[in-house]
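What follows draws every value from the coordinates through simple rules; no lab data is involved. Values in this document were obtained by computation on a predicted structure and should not be read as measured data. Cβ coordinates were reconstructed from backbone atoms using ideal geometry, including for glycine residues, and neighbour counts include every protein chain displayed.
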Amino acid sequence: MLITQPDNNNNISIEFLKVVKDTVITQWKNGIKSFTGTYILTEMNGQTVVEWTLKFHIKWYPWEKLASMFYDKQLGPVMENSLLKLRNEMEAK
C-alpha cells in the first residue's frame, strides 16, 4: 500500500513494506531522501504500547553526520504529537 500526501509543497510518500500481527515497517520518501519507519506494538498491563523508530542512512560526509545529531530535536516533538493523536483517536473509538 502506498500513501502520498502533499505537505507544505513537499511530496511525502509512505509505503507499507511489511505488516504482521505486532509490527509495521514503512518506507518514507521525500524527493531523494528516504528512511525506514518501524512500529512495534506490545501489550503491557492491558494496554497497547506503540514503539516508533526511524532509521536513516547517513553518508560519510561530515555535514550529514553533524546534521543527523539534530534529527532527534527536529523529529522528536513531531513524532510525539503524532503518537498522541493516534492515542486520542483510538481512545475515542
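Key figures
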read-out: Contour excess over end-to-end distance, with Cα ends at L54 and Y39 and 0.36 nm allotted per residue; value: 4.5 nm
read-out: Estimated Rh, the chain: Kirkwood, alpha-carbon pairs, angstrom; value: 15.1 Å
read-out: Proximal lysine pairs, the chain, alpha carbons under 28 Å, eight or more residues apart or interchain; value: 28
read-out: For D22, net neighbour charge (Lys/Arg +1, Asp/Glu -1) across residues whose Cβ lies under 11 Å away; value: -1
read-out: Listed residues Q47, Q27, Q74, most fluctuating in the chain (Gaussian network, C-alpha, under 10 Å); value: Q47
read-out: Simple Cβ-charge dipole of the chain, Lys/Arg +1 and Asp/Glu -1, about Cα centre, in debye nearest 20; value: 280 debye
